[in-house]
Amino acid sequence: MSRRLVLLLALTCAVGVGNVYFPQAISPLVAAGFHLPPDSAAMVVTATQVGYTAGIFLLVPLGDRLPHRPFLVTLLALTGAGLLAAGCAPALPPLVAAGALVGVTTVAAQIIAPLAAGLVAADRHGAVMGTLLSGSIGGMLLARTFGGTLGEWLGWRAPYLVAAVVVMILAAVLARMLPATTPPSRQPYPALLAEPLRLLLREPELRRSCLYQATVFAGFSAVWTCLALLLAGPAYGLDARAVGMLALVGAATMLWTPFAGRLVDRRGPDPVNLVCLVGTLVAAAILTAGACGGALGLTALVLGTLLLDIAMQSGMVANQARVFALRPEARSRLNTAYMTCVYLGGSAGSWLGVRAYGRAGWPGVCALVASLAVLALARHLPGLYRRRGGDRSARGIVSASA
């Protein structure tokens with residue numbers, strides 16, 4: 001793969017993932033526009049994430065069955081139509097439905113990752129995955145800045161309409177630039193849908209990768225879903241642009257992801273997972289101070305979200321590298337199983353976060369993040385200890401034989 005193609009695919013990942021996340025920054029504007037309470041407008045965010053999870057499960061396996069270029073172009077065209085429908089929605093229910101459609105179809109990043117893994121050597125997987133993930137994370141974070149700023153200037157409909165134009169332009173570019181590929185599988189669609197579940201049952205390394213990233217991403221989603229509610233509330237009294245500016249600060253962490261990919265290539269996924277989970281726990285502690293308001297609270301939110309973003313990105317690179325190494329001929333189906341679990345975790349995190357915020361405020365959201373990190377660490381640490389013990393025993397046997 002040329003560097004130009006890698007960057008184009010990273011941009012596609014950014015646009016595709018960004019469509020899922022810019023509604024987080026404008027949910028207060030949607031609530032005000034439809035004269036609804038803020039937690040009702042948050043349903044748009046949840047519906048888009050649930051739709052995204054459904055799209056991963058229903059559409060991503062087709063990446064092993066269909067040529068990638070026409071498949072990606074068609075998905076982007078459908079996403080553009082969904083964004084246009086959302087921008088023209090006359091009430092909340094049609095907006096929720098259009099958001100779900102956008103979520104289902106904007107799965108380009110999950111098609112691209114297995115495609116790229118098949119076009120590069122094994123010793124470059126981590127680096128290329130890190131670059132693509134930088135695009136995804138950049139889209140995730142910058143989309144909030146885009147949505148919040150544009151929404152404050154022109155109303156909540158503007159981000160949807162502008163995103164629709166951007167997606168359509170990208171579809172036209174990909175139709176010309178993406179190389180032709182040969183699908184690795186001829187299995188019928190029902191068999192492709194069943195295969196991710198079979199892989200989950202057969203591959204313990206896939207299961208633990210899913211657990212680690214689902215818990216971290218649930219905490220990540222809970223924080224960013226509730227952050228707009230916190231900043232718009234009495235502790236800060238800020239508008240939707242504040243969420244976007246905070247996300248803009250966090251976007252600097254996408255420079256970390258290629259480094260994390262190279263670290264995975266050199267050291268393996270397990271040490272990176274450990275750093276990710278401990279970082280999530282520390283981020284939860286820092287974010288708790290965000291409830292104080294004022295300069296201290298804003299500083300805690302900046303530092304906490306930065307650390308949480310780094311932890312989530314590092315874990316994604318490590319877990320995806322582990323998953324793609326399992327069965328090269330079934331990378332799209334492996335990615336389907338993995339990302340479905342991850343985004344189920346994210347959807348659950350958004351839902352739980354809103355309810356934790358309603359009952360216990362911002363400290364309740366931070367406690368949820370910490371609990372999820374502890375759950376993953378409880379699974380990771382014993383296995384890490386056993387694997388290191390096995391490695392030391394193997395080295396001892398080799399030394400004794402020598």
| Put a dot 7 Å past each Cα toward the Cβ at Arg262 and Trp153; how far apart are the dots in nm? | 3.6
| query | Which Cys residues of the chain have no other Cys beta carbon under 4.7 Å away? | reply | Cys13, Cys88, Cys226, Cys276, Cys292, Cys366
| If only Cα atoms are counted, what is the Rg of the chain, and what is its Dmax, in Å? | 20.6, 77
| remark: Under the 7 Å Cα-to-Cβ spin-label approximation, Leu326 and Thr182 lie apart by a distance in nanometres of 2.6
| query | With each run of n ≥ 4 DSSP H residues scored as -39500 (n - 2.57), what mean residue ellipticity at 222 nm is computed for the chain after dividing by its residue count and rounding to the nearest 500 deg cm²/dmol? | reply | -29500 deg cm²/dmol
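Taking 0.36 nm per intervening residue step and subtracting the Cα-Cα distance, what contour gain separates Leu5 from Leu36 on full extension?
On the way: separation 31, 0.36 × 31 = 11.16 nm, distance 4.42 nm.
Between Leu5 and Leu36, full extension yields an extra 6.7 nm.
Given charges of +1 on the Cβ of Lys and Arg and -1 on the Cβ of Asp and Glu, with all other atoms neutral, how large is the dipole of the range 3-401 about its Cα centre, in debye to the nearest 20?
Computed about the Cα centre, the dipole is about 1060 debye.
Taking the Cβ of Ser185 as the centre, find all other residues whose Cβ is under 15 Å away and add up their charges (Lys, Arg: +1; Asp, Glu: -1).
On the way: positive: Arg65, Arg186, Arg198, Arg327, Arg331, Arg333; negative: Asp64, Glu195, Glu329.
Local net charge: +3.
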| said: Given contacts defined as C-alpha pairs under 8 Å and at least six residues apart, what's the relative contact order of the chain, whole-number percent? | reply: 24
| Based on the Cα gyration tensor of the range 7-62, what are the three equivalent ellipsoid semi-axes, each the root of five times an eigenvalue, rounded to whole Å and given largest first? | 27, 15, 5
| Potential lengthening between Leu201 and Arg355 on full extension [0.36 nm per residue; Cα-Cα distance subtracted] | 52.3 nm
| task | Send over the semi-axes of the range 13-114's equivalent ellipsoid, whole angstrom and largest first, taken as the square roots of 5 times the C-alpha gyration tensor eigenvalues. | result | 27, 12, 10
| query | Taking +1 at the Cβ of each Lys and Arg and -1 at the Cβ of each Asp and Glu, which of Leu83, Ala14, Ala116 sits farthest along the dipole of the range 1-151 towards its positive end, judged by Cα position relative to the Cα centre? | reply | Ala116
| In nm, to one decimal, how far is the Leu255 label point from the Ala175 one, both placed 7 Å along Cα→Cβ? | 3.8
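Using R₀ = 45 Å, calculate the FRET efficiency as 1/(1 + (r/R₀)^6) where r is the Cβ-Cβ separation of Val374 and Ala194; round to 0.05.
It comes out at approximately 0.85.
Here, each number is a calculation from the coordinates, and none is a lab measurement. None of these values were measured; they are calculated from a predicted model. Virtual Cβ from ideal backbone geometry, glycine too; neighbours counted across all protein chains shown.
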